[in-house]
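To keep things clear, I will list the structure first and then write my remarks on it.
The values are calculated or read from the model by the stated rules, or taken from the named source; none is laboratory data. What you are looking at is a predicted structure, and each value in this text was computed from that prediction instead of being measured. Note: ideal-geometry Cβ built from the backbone for every residue, glycine included; neighbour counts use all protein chains shown. Note: accessible area is taken over every heavy atom of the protein model, side chains too, but ligands, DNA and RNA are not part of it. Shrake-Rupley method; radii C 1.70, N 1.55, O 1.52, S 1.80 Å.
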Amino acid sequence: MSWGTELWDQFDNLEKHTHWGIEFVERYTKFVKERSEIEVNYAKQIRNLSKKYQPKKNSKEEEENKYSSCRAFLTTLNELNDYAGQHEVIAENLTSQIISELTRFVQDLKAERKSHFHDGRKAQQHIENSWKQLEMSKRRFERDCKEADRAQQYFEKMDADINVTKADVEKRSSLKARQQAQLRHQMAEDSKNEYTSCLQKFNQEQNEHYYTLIPHIFQKIQDMEERRIEKVGESMKMFAEIDRQVLPIVGKCLDGMTKSAESVEPKLDSNQVIESYKSGFEPPGDVEFEDYSQPMKRTASENSLSNSRGEGKDKPSGKSKPKLWPFIKKNKLSLKLGSGPEDCSHLPPEQRRKKLQAKVDDLNKEIQKEVDQREALTKMKDVYLKNPQMGDPNSVDPRLSEISHNIERLKLEVQKFDAWLAEVEGRLPLRNDQSKRQSGLYDTQNNAPVNNNCAQDRESSPDGSYTEEQNSETQIKAPSTEFDDEFDEEDPLPIIGTCKVLYPFEGQNEGTMSVAEGEMLYVIEEDKGDGWTRVRRSEEEEGYVPTSYVEVFLEITKGAMTYI
């Protein structure tokens with residue numbers, strides 16, 4: 001069906017309808033634009049969420065990634081970041097493929113509509129002018145006919161009067177009236193011919209207007225409107241297709257999240273906890289009965305709660321107090337804080353082995369890097385020797401010398417750590433003879449054996465620390481009257497200052513202490529560069545807190561050794 005034949009008389013309604021159609025396209029374009037903005041904001045929020053929960057470098061979260069559940073969560077965050085990227089792709093495609101296209105299309109549509117309706121108004125104005133000319137010629141013909149009739153009637157009247165009176169004057173009047181009537185008849189005839197011509201011309205133009213010109217203009221308007229509707233339909237289809245295009249990638253992101261979730265292994269994480277915190281100590285032995293009813297000097301239990309059940313019998317009694325580490329409340333944080341001697345002797349055996357092995361691996365990697373650099377420089381030197389114009393071979397020697405020195409230094413470091421590693425793994429003797437020889441070297445200086453660095457002469461305890469045994473002669477002590485004295489680990493550390501808590505801290509790890517904001521505490525050990533300060537609240541409550549969480553006041557003098 002054609003608008004030109006069916007709606008030939010609905011020019012104004014078509015003008016209103018096409019105007020509404022353009023407004024509809026503009027409204028749909030605005031809808032797509034707002035959808036694009038939503039996608040951009042959503043992608044931004046998703047990216048911020050993923051970034052917020054990403055583990056920070058050199059933080060506790062990064063250390064947690066050794067657990068499968070934490071790695072799965074990290075993979076989920078990465079997939080979520082890619083998922084956000086797909087929503088950004090949707091926004092970009094909506095803008096480039098729909099919004100921009102529809103904006104240009106609407107501009108062209110407005111210009112085309114304006115042109116078509118201008119032609120329609122021009123044709124309408126032309127037919128209206130033709131109608132006005134027809135009406136004017138018609139009225140002129142009508143007027144001339146009436147005047148001709150009146151002139152004819154007047155002539156006939158005058159002619160009848162002449163026949164009665166026979167007067168000369170009346171004859172002259174009758175002749176004049178006759179001439180006037182003839183003139184009016186001629187004018188009427190001319191008006192008739194003009195009217196006939198105008199009528200034929202108008203009918204022809206009207207026929208052309210309503211059957212050719214207007215249908216042609218309305219057909220263009222109809223084609224324009226159909227293109228508009230088709231464009232809107234294509235845009236709506238593209239609106240869905242843009243989402244469909246990213247579905248495969250979104251599906252891969254979701255599959256990645258599912259796969260990461262399925263990779264969580266509870267047993268593996270449980271074993272990882274064992275690997276992380278296993279000390280390697282043996283459980284304590286049975287506590288022997290100590291008979292206080294006999295009037296004799298008691299001998300301290302040599303193997304009660306010792307780390308090795310067989311070694312206690314060979315040691316002289318009374319050398320040192322047994323360490324009742326299962327009941328010790330004051331645990332040290334040397335393992336967690338990363339401080340301690342170079343041989344890691346402050347760590348439990350298993351943790352010490354892992355630490356030494358990691359150090360050996362790092363040193364071997366550094367050696368390999370230096371070896372690779374030496375090989376590259378050696379090749380470069382050979383090239384310079386063969387082609388002196390490319391460079392001076394002697395310019396490479398200083399760097400080669402430096403690299404060789406570094407390799408030798410690193411190899412010595414590896415040997416040192418390998419020896420400690422072999423010791424802790426039981427591949428070497430217990431080095432008792434070696435420790436004695438080392439002690440002998442110091443006899444000339446201090447007249448007393450010094451074995452502070454010998455890990456075998458230390459008594460291990462699972463709180464992450466070692467206690468050194470005394471090498472002095474065995475002393476027999478009388479039984480103490482106070483039973484609690486046998487369970488004292490060591491003398492309390494002296495107070496060296498006070499501190500004010502700036503921020504609350506939840507001490508969840510072993511050896512840490514929870515503190516509240518504004519609380520005043522005693523400082524018993526300064527920060528040694530590991531970021532922790534040891535504080536005391538009461539006689540049985542002390543631990544480590546982050547140095548950045550407190551404000552320390554070291555106001556107590558050296559001689560003021562006050563205890564709580």
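Of K381/K411; K57/K411; K411/K528; K114/K201; K132/K201, which sit over 19 Å apart, Cα to Cα? In this structure, K381/K411; K57/K411; K411/K528; K114/K201 exceed 19 Å between Cα atoms.
Please compute the length gained on full extension between K237 and S395, using 0.36 nm multiplied by the number of residues separating them and subtracting their Cα-Cα distance. Intermediate values should be presented prior to the final figure.
On the way: separation 158, 0.36 × 158 = 56.88 nm, distance 6.94 nm.
Here the answer is 49.9 nm.
Stretch R409-L554 to full length: gain in nm at 0.36 nm per residue minus the Cα-Cα span?
On the way: separation 145, 0.36 × 145 = 52.20 nm, distance 4.07 nm.
Taking R409 through L554 to full extension adds about 48.1 nm, to one decimal.
Provide the FRET efficiency to the nearest 0.05 for the N41-A111 pair, computing r from the beta carbons and using R0 = 35 Å.
Details: r = 35 Å, r/R0 = 0.99.
Plugging the Cβ-Cβ distance into 1/(1 + (r/R0)^6) gives 0.50.
Under a 5 Å amide H cut-off, with hydrogens placed 1.01 Å from N, W532 pairs with T547 among residues at least 5 apart or on other chains. Principal axis extents of the Cα atoms in region 6-164, from largest to smallest and rounded to whole angstrom, are 143, 24, 17. Using a simple spin-label model with pseudo-atoms 7 Å out from Cα toward Cβ, E23 and E128 lie 2.4 nm apart.
For region 350-355, the Karplus equation 6.51 cos²θ - 1.76 cosθ + 1.60, evaluated at θ = phi - 60°, returns couplings of 5, 5, 5, 4, 5, 5 Hz by residue, with Gly and Pro reported as x.
Sort E262, E241 by heavy-atom solvent-accessible area, probe 1.4 angstrom, most to least. Write out the running numbers ahead of the final one.
Numbers: E262 140, E241 70 Å².
Output order, biggest surface exposure first: E262, E241.
Between E519 and S2, the simple label model (points 7 Å from Cα in the Cβ direction) yields a spacing of 9.4 nm.
Can you compute the FRET efficiency between E510 and S263 using 1/(1 + (r/R0)^6), with r the Cβ-Cβ distance and R0 = 30 Å? Round to the nearest 0.05. Working from the Cβ atoms, E equals 0.50. What the Cα convex hull of region 348-429 gives, in volume per residue, is 78 Å³.
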